[in-house]
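Enquirer: Sharing a structure below in structure tokens format, with a few things to ask.
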Amino acid sequence: MCELKADAFDLSNYPDNTVLITADTIVWLDDECIGKPLNREDAINMLGKLSGNTHKVFSGICLRTRRLEYVFHAETEVSFKELSGEEISHYIHHHRPYDKAGSYGIQDWIGYIGVTGIKGCYYNVMGFPVQKFWEELQRFWMKTEFINRKPL
């Protein structure tokens, strides 16, 4: 998805030293991609699936210049306690997580009261793995051979 987002830009209209950064985040549980909810009912169902379970959050990042594309990802495991129906309803009503993969923001109330464990980068769960991005950006600029690189 991050590559498709990058495809929407025509870098020929920008200076040679421009680096386009695109990203996308998904939630993965039991071999199922859990995207953004369509409506309240969908959000309730998603949080019900995450309740009492551990899932993975993946963020894909694409760095693109006029001549080079470099794609990498970050992975974080998140565990939720068993959430009550009241907790789920309260969260959806007050925080309206319709723009969030998995119907939740770890930085919101549901993260405070529901997350029992996290293995990996907290910022990845928020949608952008800052530490991994910094490492990969340095690799992108400092090395001549890149893993996952493809000429455009």
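No value in this document is a laboratory result; all are computed from the given coordinates. The structure presented is a predicted model; accordingly, all values stated were derived computationally and were not measured. Note: ideal-geometry Cβ built from the backbone for every residue, glycine included; neighbour counts use all protein chains shown.
Enquirer: Which order results if 62, 33 are arranged by neighbouring Cβ count within 10 Å, fewest first?
Expert: Exposure proxy ranking, most exposed first: 33, 62.
Enquirer: Then there is this: How tilted is helix 130-142 with respect to the longest principal axis of the chain? Cα atoms for both, answer in degrees (0 to 90, nearest 10).
Expert: 10 degrees
Enquirer: To continue, here is another question. Please list, by residue number, every one of the GluC sites (Glu not before Pro) in segment 43-91 that is coil in DSSP and has at most 11 other beta-carbon atoms within 10 Å.
Expert: On the way: sites: 69, 75, 77, 82, 86, 87; in loops: 82.
Filter output for segment 43-91: 82.
Enquirer: Explain nothing, just the number: dipole magnitude of segment 61-114 about its Cα centre with +1 on each Lys and Arg Cβ and -1 on each Asp and Glu Cβ, in debye rounded to the nearest 20.
Expert: Result for segment 61-114 is approximately 480 debye, rounded to the nearest 20.
Enquirer: Figure the gain on full extension for residue 38 and residue 131 (residue separation times 0.36 nm, minus the Cα-Cα span) and round it to one decimal in nm.
Expert: Working it through step by step, the gained length comes to 30.4 nm.
Enquirer: Go through segment 64-74 residue by residue and turn each phi into a ³J(HN,Hα) via Karplus (6.51, -1.76, 1.60, θ = phi - 60°); whole Hz please, and just put x for glycine and proline.
Expert: Taking θ as phi minus 60°, the curve returns 9, 10, 5, 10, 9, 10, 9, 10, 8, 9, 10 Hz for segment 64-74.
Enquirer: Once you keep just the Cα pairs under 8 angstrom separated by 6 or more residues, what percentage relative contact order results for segment 25-152? Working shown, then result.
Expert: Values: 217 pairs, mean separation 39.2, N = 128.
Result for segment 25-152 is 31 percent.
Enquirer: So, one more: Any chance you could give the angle, 0 to 90 degrees and rounded to 10, that helix 40-50 forms with the longest Cα principal axis of the chain?
Expert: The angle comes out at about 90 degrees.
Enquirer: Using just the helices of the chain, give the 222 nm mean residue ellipticity in deg cm²/dmol: DSSP H runs with n ≥ 4 each add -39,500 (n - 2.57), and the total is spread over all residues, rounded to 500.
Expert: -9500 deg cm²/dmol
Enquirer: Can you put 123, 91 in order of Cβ neighbours within 10 angstrom, beginning with the fewest?
Expert: Values: 123 18, 91 24.
In order of increasing Cβ crowding within 10 Å: 123, 91.
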